[in-house]
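Novice: One structure is given below, represented as structure tokens, and several questions about it will come after.
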Amino acid sequence: MTWSEMQPLLEQACTETLIMVGWSTLIAVVAGLPLGVLLVLTDKGGLLENTVVNKVIGQVVNIGRSMPFIILMVALMNFTRWITGTTIGSYAAIVPLAIGGIPFFARLVETAVREVDHGLVEAVQSMGGNTWTIVRKVLVPEALPSLIASTTTTVIALIGYSAMAGTVGGGGLGDLAVRYGFQRFETGLMWVTVAVLAVVISLIQFAGDYAARAVHRRGARSGPGPRLRLLKAKEPAAADIGKVA
């Protein structure tokens, strides 16, 4: 097979992979971020400590992460058909990809948020900040570099999942490699597909690492953290109270 014959096939497969991974990543981040934060908040010693809720959410996340993706796709076929009207094609593959990505990203978010200095949380609490304020002003901003790295990891994992989805009619680069590289013995096309996946994953990893480092450096240059700024803000107030007394 010549390059002129490979090119349109690769372009279509790359577009399908981009659609699958793009939409499933968006859904996984939107749903997984609050889920991961909630796992931290409801844990023992958390701001919204609730053992029952934490155990239930944790168990659901564990089940979602433990299930092999190919089995998850088969198990969700009826649900996928109800959502999209079909079980084949790139848009149908978004459903199991997103459902598989949500618990994966949620655990990464939980790990990232747990790394935030608890002293910052205590400082905001001492100023009367509520749970929403702490999440919005402390937990998410302070964990942002780790969250970017977690998103990068999730995107790369979903690319791997999308390749598996191609083996059962999901389209994309995995489908191209199976139909042409394996079934039609087009070894050259199969290796080109492997090379494309390797390049794409390397670029995504580089972009994610660069973004995480840039955010970390910007945070380091922005001066004292929220805790120090809050404590400095309290000092004039305390001095004023002393004068009045």
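Novice: Considering only the stretch 133-178, state which residues are open to solvent by 20 Å² or more (accessible area, probe 1.4 Å), under 23 Å from residue 11 (Cα atoms) and either part of a helix (DSSP H, G or I) or not aliphatic (A, V, I, L, M) (or both).
Specialist: If the condition is that a residue be open to solvent by 20 Å² or more (accessible area, probe 1.4 Å), under 23 Å from residue 11 (Cα atoms) and either part of a helix (DSSP H, G or I) or not aliphatic (A, V, I, L, M) (or both), then 155, 156, 157, 160, 161, 163, 164, 167, 169, 175, 177, 178 are the ones that fit.
Novice: Between a first residue in the stretch 161-174 that is farther than 21 Å from residue 7 by Cα and charged (D, E, K, R) and a second residue that is open to solvent by 10 Å² or more (accessible area, probe 1.4 Å) and at pLDDT 75 or above, which pairs have beta carbons less than 7 Å apart while being 6 or more apart in sequence or on different chains?
Specialist: As it stands, the answer is none, since no pair meets every condition given.
Novice: If you don't mind, another one. In the list 30, 21, 37, which residue meets the criterion of being under 23 Å from residue 146 (Cβ atoms) and free of Cβ contacts under 8 Å to residues at least 24 places away in the same chain?
Specialist: From the options 30, 21, 37, the qualifying one is 30.
Novice: Being small (Gly, Ala, Ser) and touching a residue at least 40 places away in the same chain (Cβ under 8 Å) is the filter; apply it to the stretch 142-160 and report the residue that is farthest from residue 81 (Cα to Cα).
Specialist: Applying the filter and picking the extreme gives 146.
Novice: Further question on the same structure: Cβ-Cβ under 7 Å, sequence separation 6+ or interchain: first residue in the stretch 62-90 and without any contact (Cβ under 8 Å) to a residue 40 or more places away in the chain, partner part of a loop (DSSP other than H, G, I, E, B). Which pairs?
Specialist: 77/87; 80/87; 81/87
Novice: When residues of the stretch 179-191 are filtered for being open to solvent by less than 50 Å² (accessible area, probe 1.4 Å) and either in a loop (DSSP other than H, G, I, E, B) or farther than 17 Å from residue 164 by Cα (or both), how many remain?
Specialist: Residues in the stretch 179-191 being open to solvent by less than 50 Å² (accessible area, probe 1.4 Å) and either in a loop (DSSP other than H, G, I, E, B) or farther than 17 Å from residue 164 by Cα (or both): 2 in total.
Novice: Residues of the stretch 28-81 being closer than 20 Å to residue 97 by Cα, outside any helix (DSSP H, G or I) and either open to solvent by less than 40 Å² (accessible area, probe 1.4 Å) or touching a Phe, Trp or Tyr at 6+ places or on another chain (Cβ under 7 Å) (or both), which ones?
Specialist: 76
The values are calculated or read from the model by the stated rules, or taken from the named source; none is laboratory data. It should be emphasised that the depicted structure is a prediction, and the values quoted were computed from it without experimental measurement. With ideal geometry, Cβ positions are generated from the backbone for all residues, glycine too; neighbour counts draw on all protein chains shown. These accessible areas exclude ligands, DNA and RNA; they are computed on the full protein's heavy atoms, side chains included. Shrake-Rupley method; radii C 1.70, N 1.55, O 1.52, S 1.80 Å.
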